[in-house]
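Inspection log for the structure reproduced underneath, given as structure tokens.
The values are calculated or read from the model by the stated rules, or taken from the named source; none is laboratory data. Fair warning: this is a prediction, and the values are worked out from it, not measured in the lab. Neighbour counts run over all protein chains shown; Cβ positions are idealised from the backbone, glycine included.
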């Protein structure tokens, strides 16, 4: 959002009147729209592959990994929520270090007392940026 300050000169003095907020609408170019569609499609394919791997995963096993050259690397796995805190998983040179389950879901530290919860986690490391924000 762009901000403009309106000023008026009266007898060689400048005084602030008011600030007007102006929203500048971003309209993506045809190339941007095409790129967004390709990225959405690619993310959908990767998500489907991860979902298929996750369906056959077993709690306690090491995460299943897919190394797709230098373009994308991914891993999926099932973890006991109580053992998630501090768990380290490497994927294609990237390292994921997980916080506690309770902090992820915004609950008190004892949220797993007398509970057994399994968490499915999907991780992906891309060689290039696949998300962009803003208009440019």
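Matching residues to (1) within 16 Å of residue 127 (Cα to Cα); (2) touching a strand residue (DSSP E or B) at 6+ places or on another chain (Cβ under 8 Å); (3) in contact (Cβ under 8 Å) with a residue 12 or more places away in the chain; (4) assigned to a helix (DSSP H, G or I):
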| position | (1), (2), (3), (4) |
| --- | --- |
| 53 | no, yes, yes, yes |
| 67 | yes, yes, yes, no |
| 70 | yes, no, yes, no |
| 79 | no, yes, yes, no |
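For the subset of the stretch 81-93 comprising residues that are under 23 Å from residue 127 (Cβ atoms) and modelled with pLDDT of 85 or more, which member is surrounded by the most Cβ atoms within 10 Å (Cβ to Cβ)?
Step one: filter the stretch 81-93 for residues under 23 Å from residue 127 (Cβ atoms), giving 88-93.
Okay, now just the ones that are also modelled with pLDDT of 85 or more, so 88-91.
Values: 88: 8, 89: 17, 90: 14, 91: 19.
Among those residues, the one meeting the criterion is 91.
Of the numbered conditions (1) surrounded by fewer than 10 Cβ atoms within 10 Å (Cβ to Cβ); (2) at pLDDT below 80, residue 27 satisfies every one except a single condition; which is it?
Checking residue 27 against (1) surrounded by fewer than 10 Cβ atoms within 10 Å (Cβ to Cβ); (2) at pLDDT below 80, the one that fails is (2).
If we keep just the residues of the stretch 94-103 that are surrounded by 14 or more Cβ atoms within 10 Å (Cβ to Cβ) and either under 16 Å from the mean Cα position of the chain (by Cα) or in a strand (DSSP E or B) (or both), which is modelled with the highest pLDDT? Working first, answer last.
So the first thing to find is which residues in the stretch 94-103 are surrounded by 14 or more Cβ atoms within 10 Å (Cβ to Cβ), and the list is 96, 98, 100-103.
Now drop any that are not either under 16 Å from the mean Cα position of the chain (by Cα) or in a strand (DSSP E or B) (or both), which leaves 96, 98.
On the way: 96: 89, 98: 92.
Top of the filtered list is 98.
Taking the stated definitions as given, is residue 106 assigned to a loop (DSSP other than H, G, I, E, B), touching a strand residue (DSSP E or B) at 6+ places or on another chain (Cβ under 9 Å) and at pLDDT 90 or above?
no
Given the options 124, 57, 75, 49, name the one that is at pLDDT below 90, crowded, with 16+ Cβ neighbours inside 10 Å and either on the phi > 0 side of the Ramachandran plot or assigned to a helix (DSSP H, G or I) (or both). Give the steps one after another, and end with the answer.
Values: 124 fails: either on the phi > 0 side of the Ramachandran plot or assigned to a helix (DSSP H, G or I) (or both); 57 fails: either on the phi > 0 side of the Ramachandran plot or assigned to a helix (DSSP H, G or I) (or both); 75 fails: either on the phi > 0 side of the Ramachandran plot or assigned to a helix (DSSP H, G or I) (or both).
Going through 124, 57, 75, 49 in turn, just one is at pLDDT below 90, crowded, with 16+ Cβ neighbours inside 10 Å and either on the phi > 0 side of the Ramachandran plot or assigned to a helix (DSSP H, G or I) (or both): 49.
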